[in-house]
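What follows is one structure encoded as structure tokens, with my remarks underneath.
The values are calculated or read from the model by the stated rules, or taken from the named source; none is laboratory data. The shown structure was predicted, so the numbers you read here are calculated from the model rather than taken from an experiment. Every residue, glycine among them, receives a Cβ derived from its backbone with ideal geometry; neighbour counts consider all protein chains shown. Only protein heavy atoms, including side chains, enter the accessible area calculation; ligands, DNA and RNA are left aside. Shrake-Rupley method; radii C 1.70, N 1.55, O 1.52, S 1.80 Å.
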Amino acid sequence: MKQALAAITVVAGLAGFGATAPALAAGETAMTHIVMQVSDGDPAKWQLALNNAQNVQEALGKDKVTIEIVAYGPGLGMLKSESKVAAGVNGALDNNVKVVACGTTMKKMHLTEADLIGGVSVVPGGVVEIMTRQSQGWSYVRP
Amino acid sequence: MKQALAAITVVAGLAGFGATAPALAAGETAMTHIVMQVSDGDPAKWQLALNNAQNVQEALGKDKVTIEIVAYGPGLGMLKSESKVAAGVNGALDNNVKVVACGTTMKKMHLTEADLIGGVSVVPGGVVEIMTRQSQGWSYVRP
Amino acid sequence: MKQALAAITVVAGLAGFGATAPALAAGETAMTHIVMQVSDGDPAKWQLALNNAQNVQEALGKDKVTIEIVAYGPGLGMLKSESKVAAGVNGALDNNVKVVACGTTMKKMHLTEADLIGGVSVVPGGVVEIMTRQSQGWSYVRP
């Protein structure tokens, strides 16, 4: 327990350098928290990311792991209402996977939240979101 | 040396949060340990991962760096007996690169260990393996 | 401030394990420092990496974030004088993005620094450079 507390202190200290990094919540580690990047315009990659999320939840326990999928650039197509994997995205949202869209990409593509699958969150920037999660100690996987 | 011991303690503390993360071995850092992800079904990417492993061993010293290649999803084709890069995979194994296949992908593709290149290990899940390595402080590269 | 100092000490301790890892500079975190990998031979990916760098600078402040783009393997084409994104690379360099080429790839492709866009730096190995940055606590993104 003493080691765990030490870890929280230290990583919180690291995150403290970044102006925009929120404070580390207790228990956020690379084993319990993972951010997945989707930046390819390829529906097979979108499906792979969804499969990865599901498999990680099945392996570690749905309530023991926090998963966030960040889509940006050509990957944003994954989250549009008419996406080929819309059913899979809805399934991920139902399973408490957080799914976020890059606001910078949306602006460039002239999209608003109404163009996205319901339940998808918007962050100002996809890469900054990924940096924030890594600064909090999350694992990073790009399927 | 005092700093090094402090680092072990702290990262071991972090890993301790995750239910499935094994204890950190002394000396496991992002400079001495690297996990490489192969999840594309593209033989050129498979060859690039093998080249990367060889170059890292040549640069840092074969006995000074631990390399693990994790293949999953469409990347699993890299490790099948009839793989186009089978000779390269065997060369990597001969050079003490650990090469692991995702068991979840194998089940989906109806493959058993007998279908893989000899010497390849099987882990329950490829992404969980990558999370585990990152939680242990390893570098992550997706060639 | 006490926490920040603790973080520096600990991460410096980690980096100390690696024979080749330079000492951590104060304030290098996953929120203020990011290494971006370019290893695909696809000009759209090159442009995406350049866009990512620009968006991160705009979001976090150009003088508050350190960005390094590492090109290796088929990604090295991005940095050749005749690159389709040469103008964008020059723009990134003008904005203090560090852009580095993998020396191992250059040797294989029989290229010298004279074949690259002016201002691009050469490192011995691209993957080792990425490992070094991760060991220093930088974020990693592969666009």
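Observations
- Average other protein chain Cβ within 10 Å of Cβ, residues C:120-129: 4
- The mean number of Cβ atoms from other chains found within 10 Å of a Cβ in peptide B:74-83 is 1, as a whole number.
- Contact order relative to length of the stretch B:83-143, as percent, for alpha carbon pairs under 8 angstrom and 6 or more apart: 32 percent
- Gap separating the Cα centres of the stretch B:110-143 and the stretch C:80-143, nearest whole Å: 29 Å
- Average beta-carbon neighbours from other chains, 10 Å sphere, peptide C:63-69: 1
- Long pairs among A:Lys62/A:Lys108; A:Lys107/C:Lys62; A:Lys80/B:Lys107; B:Lys45/C:Lys45; B:Lys64/C:Lys45, criterion Cα-Cα beyond 25 Å: A:Lys62/A:Lys108; A:Lys80/B:Lys107; B:Lys64/C:Lys45
- Hits among aspartates and glutamates - C-alpha to C-alpha of A:Lys84 under 15 Å, sequence gap 8 or more where chains match: A:Asp40, A:Asp42, A:Asp115
- Accessible surface buried at the B:A interface totals approximately 2100 Å², computed with a 1.4 Å probe on protein heavy atoms.
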